[in-house]
4 protein chains.
Amino acid sequence: MPAPLNVGMIGYGFMGRAHTNAYLKVPRFFPELGRRPALKALCGRNRERAVDFAEQWGYESVETDWRALVEREDIDLVDIGSPNDSHREIALAAAANGKWVLCEKPLAMNVAEAEEMTAAVEAAGVPNMVWFNYRRVPAVALARQIVDEGRIGRPFHYRATYLQDWTIAGDIPQGGETLWRLDAAVAGSGVTGDLLAHSIDTAMWLNGPITRVTADTETFVTERVHQETGALQPVGIDDACMFLARFANGSLATFESTRYARGRKNFSTFELNGNDGSVHFDLEDPQYLDFFEHTRPETGGQVPGHLTGWRRIHVTNSEHPYMDKWWVPGCTIGYEHTFINALADFLAAAGEDIPAQPDFRCALQTQRVCDAVLASARTGEWVETGVEL
Amino acid sequence: MPAPLNVGMIGYGFMGRAHTNAYLKVPRFFPELGRRPALKALCGRNRERAVDFAEQWGYESVETDWRALVEREDIDLVDIGSPNDSHREIALAAAANGKWVLCEKPLAMNVAEAEEMTAAVEAAGVPNMVWFNYRRVPAVALARQIVDEGRIGRPFHYRATYLQDWTIAGDIPQGGETLWRLDAAVAGSGVTGDLLAHSIDTAMWLNGPITRVTADTETFVTERVHQETGALQPVGIDDACMFLARFANGSLATFESTRYARGRKNFSTFELNGNDGSVHFDLEDPQYLDFFEHTRPETGGQVPGHLTGWRRIHVTNSEHPYMDKWWVPGCTIGYEHTFINALADFLAAAGEDIPAQPDFRCALQTQRVCDAVLASARTGEWVETGVEL
Amino acid sequence: MPAPLNVGMIGYGFMGRAHTNAYLKVPRFFPELGRRPALKALCGRNRERAVDFAEQWGYESVETDWRALVEREDIDLVDIGSPNDSHREIALAAAANGKWVLCEKPLAMNVAEAEEMTAAVEAAGVPNMVWFNYRRVPAVALARQIVDEGRIGRPFHYRATYLQDWTIAGDIPQGGETLWRLDAAVAGSGVTGDLLAHSIDTAMWLNGPITRVTADTETFVTERVHQETGALQPVGIDDACMFLARFANGSLATFESTRYARGRKNFSTFELNGNDGSVHFDLEDPQYLDFFEHTRPETGGQVPGHLTGWRRIHVTNSEHPYMDKWWVPGCTIGYEHTFINALADFLAAAGEDIPAQPDFRCALQTQRVCDAVLASARTGEWVETGVEL
Amino acid sequence: MPAPLNVGMIGYGFMGRAHTNAYLKVPRFFPELGRRPALKALCGRNRERAVDFAEQWGYESVETDWRALVEREDIDLVDIGSPNDSHREIALAAAANGKWVLCEKPLAMNVAEAEEMTAAVEAAGVPNMVWFNYRRVPAVALARQIVDEGRIGRPFHYRATYLQDWTIAGDIPQGGETLWRLDAAVAGSGVTGDLLAHSIDTAMWLNGPITRVTADTETFVTERVHQETGALQPVGIDDACMFLARFANGSLATFESTRYARGRKNFSTFELNGNDGSVHFDLEDPQYLDFFEHTRPETGGQVPGHLTGWRRIHVTNSEHPYMDKWWVPGCTIGYEHTFINALADFLAAAGEDIPAQPDFRCALQTQRVCDAVLASARTGEWVETGVEL
């Protein structure tokens, strides 16, 4: 039987729920892992809500102060699912206490924080990972495999969008427990940190470092009522952000994110075009990867001209990443499974003392791009990202 | 806290896994239910495999004889996930012992068995349901809602396919623990009971009783090696089945299923065309329902001619069936959630002493259509189904 | 310069327009052809309308009696675009006068007529073709090429639909110049001859002879006003027709056609599944052929499991059938081009004294299937088609 | 009978063919127009090729010097289909001679030329238009109609791509009769003038003036052999161009074009997101417009949450722009029809003495954006476009 890994979860919101579900399911579907998460403690500021959540999900105990949690000797892993402005302090304390650390994205409020956090976990030598869960969509992982197999060849272009529409109405409040993502003081930024961070993480995973950017942002609704105080406040976040970019490998990119694209709900797409092939993905159809094969690396030959076309791969075969763990060909998995797959990768890597990806250092690079994007949006000029090559 | 409902699960194969996952997850996502399943006992013929499964999934105990299981006083619900030829005997015994009964589809080997089983659970007065899980795909439930809202109007046509390709290779064996679906003695039939039963259940749920059919079946690979004995045997199942049908409401239908449609993995589709609108669904893209609106029942007016088109509804809004229980708009659920949704419906209905659908009596009607189809395939003539109107 | 081929066109309706456009365009896009159609005479019953049509389209002369037309010495080719009940008589006279004969589909009102017509053109030794224009959609021709290249392998299944929705309203009249397709006395049948004839022609072109069928038809609107007389009449046509079929090669098929599928406008689809691959086509997206490759005949090897998927071939490359005659890759052609491509094939074949396909004999086989389908719909029994093997 | 309009066509390449086809077809399908084009003269530098082209297409005469053509008294309209570097001189001369002027896009090599040309045609008071044919795709015209009907509401975002892949191979030559688009001295620019000019024209037609841009360009293949001289030359064109933009109405935009997107052939897409709805178009599927309806302007009410979705409008109904001129619902038209529709609009406007759009002044605005894009790509800074508001 695998040894237990005692989890202390911070946050009982949307991410607290998604992560907890992952802890519960990972041993059922990845029984070969050496550690089995145990739901030791749930930490939330509101005791009543924390107790309710703990009962519903099966946590053994409740804390209302994260400082108490990270010091508990019976906790092996601290999972930071609280708002962005709390990540740094918790991560530093958790690392100082020798805990394994998982952190929701974006890693930090800015590069300075992210550097400090990275240094802390590396100094402590603790396993660490940031929940860029969309890497673990099987179709996205398949895209990476196709790149690694040399089926794309020299890359020319990358383009990504992350479009939503849920904040269009001007009467949506900002701030508070459920809408802190709209409050710049808590979230750090708007769509740049919340959505583009995902797009950037995937982009650099597939196509290497982004070296420079020029960006533009917009805030369409400039005043909102605070969810808890009812006070009318200026809106500090970016409702939309778009940028042009260059990768270290010379390819060009466009990125765009918004919460004002009517009809798009979680429309995160990317496309990579290379000399030998292309891949395209859309998170609203996550069971598919579209692949255009021009040159077959096995032979160097080209696909006959009358047979070329975008191949819509239904990524549910047992040969596909993660899918042998789930059901049978044709049967889809969903949003929540990206967290479970990510957790399985983390636990497998930790079991072999190798860094699970994306670790804090990797997420720091994404933070560098985010900060460069926001800086460029302020100045209108191209900005070097400083991403480690 | 909800009271426990002690589950005795029979079968540790693909369905044992899918059902068990549902028992574990339903209280987390449907906390309002009055009963919380407890994994009391797992029953399987091979003790070693049963113990392994029980450990991995958290069952408290193991049985190797289902007779022992159904007689245990600490069992409230018996879930029949074993091969088709065992359904009848287990269901009768479970009902006789006053257990709630869940049964995998198809309900029985034939109508006679299904009638006996239906009579038994009704005489015992126990909650009962058959796992036609695909009704609980949110998009399928939305189709039903659209029908109920009068958006389809007078129905003219229904067409359904259920296509797979996994048995094309002639060197796949038949029979045994994992391939009994290819063994007619155990499965009763081939694609008719395994796949078309789903299509028929959905069809009658959406469009009412099927009254008569004419059918044709084929067995492409006529001899296979038995998985366990290694003996070469004739193949008794139907590899493919197609039929024409009439509904009681006068509409026409085509149905087709096969495991020889290269490139189709779990391609279960249906389309319903009515005077006022149409719906189309494809299980390989389960997050979508395609809806064509011609007349708006709210006003009786027609959609302007330049705006008509098939609307691709991404069924992940909080307004969609089941989706308020899961994540946020744009985030998909997958195959396994159909079982969880079905279980939640069953538990909710049982809590209010109303029959959960599809109960045994409902599944008996589907069995009637299946039997009529197979009879027609033998004679080449139209056959009345005898479905209760 | 190519020699002129003097055309006598009978009919100025929808087909008169489509054919005439083809005569005008074919020499521009297929300049290598040995004959250049000249618009010599247009024949229509209503002189005023015929004169208007002739002026708009550039015909040199007008006839109101087809008998006069077919006897004119300055006419080389007679094109029969008039209603179905006139085909036989005109074709016999044209052949007797040694004219080349083109005929709209369906060839005839029934098999007896079709046999007589076939005998006549063969006895006269004149080039002849029936306008099954959809074979000449480049994507459909590509499907045939893929079959010929051995990329499908042993066929298991064929399925076709031809769905429209334009006759749902009960207040549409029947009969007369523009609605004779709804008048059984003129059209012979409803969707069977008008739509399924196309589906059957394509099916047998791709997959060989259909040997037997069982069918069902329906007339949803049973009385309509005659367009010209205003009299209320019973409706004699089949509004919908569906049938099961067997091919000589052992594969199974479903066919369905209706004009009551709300939201489907010219939705003619087919799918062929074989051991080594599958193709799928949809006439509303005519620029695509979907191809699933399982085994590559070049090597006999299978596509790697993680790369399998339906390839959506945008059939606009210069390597694709007919497309080198039109624009550049990515640029689509449309409905009218199927007639031009067909005409080019006919002229090329006639120039080399080989029968252009589908000739009358070929169309006779389609008529046999249509008649068998209608016969089966009357009796409810399987009917042998008598198609020549 | 409509009066003849004597056409002098300059150019016998791809565009010469597309325009000539339009002149031939427009009177057949738009018989109500007051003028009927007559193919009076074809002008091309190579006499032999010009004569061949004239014979194939039916021109009455041939010129090899455009100066002779524009001075001929029997010419009413001069159509400039020659390479970009010849547009200015020909247009000035044609206007000076009082000819109607049609010009291929891009209008000119730069803004200075475009201003001079605009001034010339306006001073001469002659009907003029630039062949931005893609406005006349029925689905694009429908998008404009939907905007005009108030179905999009306040615009937030616009995004456009125009992707091709035909120049990836390094051994494609540049320059000469068929590849002058790759020669900067003749074409002026690469994808910016050739492809993005289309995207910009459509964007401003749908969403108003673009006020400022920041851009980046790339040349992937830096040396090519000249097609005629065989000399190795540096490549001067932009192989790829991407830019961010702002519209006068405050909305944000991304634009991208390349000839290095493997698998994309003529992939010109746009999407417009507004408060009340969105539209999306893809030129490889030109028969569709995707429309997301959130608010119905007729009532101000919102589409019920369970029925929202992207509606795929098959733009072939008689209610759709241009489609009543062609075939029947469900039957597509193709690439060439965009020229015919454009020509019909031009002739209709000229007949009523109103400027056909896009006239030279309109195309001048597109030129301003193109020049600003290229300037920004050189400096890395945001550039004001100077488009007339």
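We did not get these values from a lab; they are worked out from the coordinates using the rules stated. What you are looking at is a predicted structure, and each value in this text was computed from that prediction instead of being measured. We place every Cβ from the backbone using ideal geometry, glycine too, and count neighbours over all the protein chains shown.
Numbers at a glance
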quantity: Shape call, the protein assembly as shown: gyration tensor on alpha carbons, a/c limit 1.5; calculated: oblate
quantity: For the range B:135-384, alpha-carbon Rg relative to the globular expectation (2.2 N^0.38 Å, N residues); calculated: 1.09
quantity: The range A:265-305: C-alpha gyration tensor shape, a/c 1.5 cut-off, then a/b vs b/c; calculated: prolate
quantity: Separation of the C:Glu149 and D:Val328 label points, Cα + 7 Å toward Cβ, nm; calculated: 3.5
quantity: Estimated FRET transfer efficiency when R0 is 51 angstrom, pair B:Glu89-A:Ala248 (beta carbons, to 0.05); calculated: 0.15
quantity: Label distances, nm, A:Gly58 versus same residue in remaining copies, Cβ-directed 7 Å point; calculated: 0.1, 7.9, 7.9
quantity: Whole-number percent relative contact order across the range A:295-389, with pairs defined as alpha carbons under 8 Å at least 6 apart; calculated: 12
quantity: Antiparallel DSSP beta bridges within chain A, as percent of all bridges there, nearest 5; calculated: 60
quantity: Estimated inter-spin distance, A:Met1 and A:Glu388, nm [label 7 Å along Cα→Cβ]; calculated: 4.0
quantity: Among the listed pairs C:Lys325/D:Lys25; C:Lys265/D:Lys325; A:Lys325/B:Lys25; D:Lys25/D:Lys105, those beyond 20 Å (Cα-Cα); calculated: D:Lys25/D:Lys105
quantity: Neighbour-count order for B:Glu60, D:Glu63, D:Glu122, fewest beta carbons within 10 angstrom listed first; calculated: B:Glu60, D:Glu122, D:Glu63
quantity: Anchor B:Lys99: aspartates and glutamates whose Cα lies under 13 Å away (excluding residues fewer than 8 positions away in-chain); calculated: B:Glu71, B:Glu73, B:Asp74, B:Asp76, B:Asp79, B:Glu122
quantity: Per-copy distances of the D:Glu319 label point, shortest first, in nm (7 angstrom along Cα→Cβ); calculated: 2.1, 4.2, 4.7
quantity: Rounded if a/c under 1.5, otherwise prolate or oblate - the range C:37-147, Cα gyration tensor axes; calculated: oblate
quantity: Backbone N under 19 Å from the A:Ala123 label point (7 Å along Cα→Cβ), restricted to the range A:89-112; calculated: A:89-102, A:108-112
quantity: Percent antiparallel among DSSP beta bridges (both partners in the protein assembly as shown, rounded to 5); calculated: 60
quantity: Exercise: per-residue mean of other protein chain Cβ atoms within 10 Å, B:299-309; calculated: 6
quantity: Relative contact order of the range D:134-384, defined on C-alpha pairs under 8 angstrom at six or more residues apart (%); calculated: 26
quantity: Residue order, fewest to most surrounding Cβ atoms within 10 angstrom, among D:His157, A:His198; calculated: A:His198, D:His157
quantity: Net charge dipole size for the range A:3-131 [Lys, Arg +1 and Asp, Glu -1 on Cβ; Debye, nearest 20]; calculated: 440
quantity: Inter-copy spacing of D:Thr222 label points, which lie 7 Å from Cα along Cα→Cβ, given in nm from shortest upward; calculated: 4.6, 6.9, 8.1
quantity: B:Glu55-A:Ala169 FRET efficiency (beta carbon distance; Förster radius 51 Å; 0.05 resolution); calculated: 0.50
quantity: Residue-averaged [θ]222 nm for chain B, counting only DSSP H segments that reach four residues, each worth -39500 (n - 2.57); calculated: -9500 deg cm²/dmol
quantity: Which of C:Arg159, D:Arg212, A:Arg144 has the fewest Cβ neighbours within 10 Å, and the rest in rising order; calculated: A:Arg144, D:Arg212, C:Arg159
